[in-house]
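These notes are about the structure you will find just below.
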Amino acid sequence: MVFVPELMRFADGAPVRNAEDMRKRRTELLKILQEYAYGEMPAAVPVTGRITDKITKCCSGDAVRYNTEITCKTANGDFTFPLSLFIPNGEGKKPLIIVINFRPSPYDEYIPVEEITDNGFALAQIYYEDITADNEDFTSGIAKFFPQENDRAPAKISLWAWGISRALDYLLSLDLFREDAVGVIGHSRLGKTALWCGANDERIRFVCSNCSGCMGAAYARSYHEGGEPLASIAKVFPFWFCKAFQAHCADASGLPFDQHLLAACIAPRFVLVNSASGDLWADPVSEQNTCIGASPAWQAYGFTGYQGDPAPYGENEGCLDGGIAYYKRSGIHYLGRKDWNRFMKFMRERIDVSVQ
Ligand code: GCU
């Protein structure tokens, strides 16, 4: 399959030959994705954090929970949102996973808290609507501090991703976590958000996209029957994307980008794309195609990219090697224990590797 727009050519047609070129190409790609898909990513602002509650005997007594509040000092005023933090007991800096989730409580069917901390990972949980509401209201939460001035203004996915990065500003300031072991995970619309956040924020070394589908990990040009069409996502969820997206979503072949370019912005850091065989709406085959199409970015940096098969995987198959990995589990659209365990394994296998 030919993956277009071509990852390994600059917009002016010049070839991308090496790591230095790829870094420049990443800058170009982020700009294209901001202009035509997700809207601008607002610049960082000063952040402060405050612990509001500390629960020392959490998860069988093996972890400590901190309820915290993060305040972002924007030019237009202060914005505060909550974050739940779980840190396993024991000496030393911990690897950290940030999850952005659908519901306020971290004790959620999508988040096996105790299993995560028992595996030695610290966990930070953000409820996405604490950043801004999942609707067309751009006065909600952080949105009102970044006015919708033009058709590239930050849309909701950008704002949620920005919130993750501000949480990370605070978390890294605590000096409790390994800077080489920061992961972000999200499911579905929040998988799209995790990818976009990882594309922009180079402090995130591991990204897990779970069933993220259309405008997430699914390569739109290889759309499969039963998958979510671009025109549908643009109509039903216009507020996830910048206004300029509307002009390009009628037909994937005319898109000025595709999702392999999004994944490539995370290179040479690590991406795990999780699909579910019963989740045709997220188009698992197109999610695998994105991994294949993004792979040359890792090679440009001198690392291995996608190591799996080119042909679509069956149920409970995939390949966890390389810089960008793909796995298709059996079952439905869901973020489950198996998905978490796969991501933790993926991180663990790479954390002590000093390069890549
Ligand atoms: C809808 C939407 C998807 C999205 C999903 C979710 O199904 O069409 O694009 O991924 O919601 O976030 O749950």
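Quick notes
- Scanning segment 171-202 for residues that are within 13 Å of the ligand (Cβ to nearest atom), over 12 Å from Val271 (Cα atoms) and among the aliphatic types (A, V, I, L, M) gives a single hit, Leu190.
- Members of segment 230-252 that are within 11 Å of the ligand (Cβ to nearest atom) and surrounded by fewer than 16 Cβ atoms within 10 Å (Cβ to Cβ): Ser232, Lys235, Val236
- The condition of being more than 15 Å from His187 (Cβ to Cβ), touching a residue at least 60 places away in the same chain (Cβ under 8 Å), buried (at least 24 other Cβ atoms within 10 Å of the Cβ) and more than 16 Å from the ligand (Cβ to nearest atom) holds for only one of Ile266, Ile351, that being Ile266.
- Beta carbons closer than 7 Å, at least 6 apart along the sequence or on distinct chains, never pair a first residue in segment 286-302 that is among the hydroxyl-bearing types (Ser, Thr, Tyr) with a second that is assigned to a helix (DSSP H, G or I) and at pLDDT below 95.
- Residues being more than 16 Å from the ligand (Cβ to nearest atom), assigned to a strand (DSSP E or B) and of a type outside the set (Gly, Ala, Ser) are entirely absent from segment 113-122.
- Sole residue being among the acidic types (Asp, Glu), surrounded by fewer than 24 Cβ atoms within 10 Å (Cβ to Cβ) and farther than 28 Å from Gly61 by Cβ, chosen from Asp118, Asp180, Asp175: Asp180
- Qualifying positions in segment 126-151 - closer than 20 Å to Val236 by Cα, at pLDDT below 95 and of a type in the set (D, E, K, R): Asp151
- Subset of segment 203-227 [under 19 Å from Ala161 (Cα atoms), more than 15 Å from the ligand (Cβ to nearest atom) and over 12 Å from the mean Cα position of the chain (by Cα)]: Arg203
- Failed criterion for Arg337 (all others in (1) at positive phi; (2) at pLDDT 95 or above hold): (1)
- Within segment 271-297, being in a loop (DSSP other than H, G, I, E, B) and away from the ligand (no atom under 14 Å from the Cβ) holds for one residue alone: Ser277.
The values are calculated or read from the model by the stated rules, or taken from the named source; none is laboratory data. What you see is a predicted model; the values in this text were computed from it and never measured. Note that we place each Cβ from the backbone using ideal geometry, even for glycine, and neighbour counts take in every protein chain shown.
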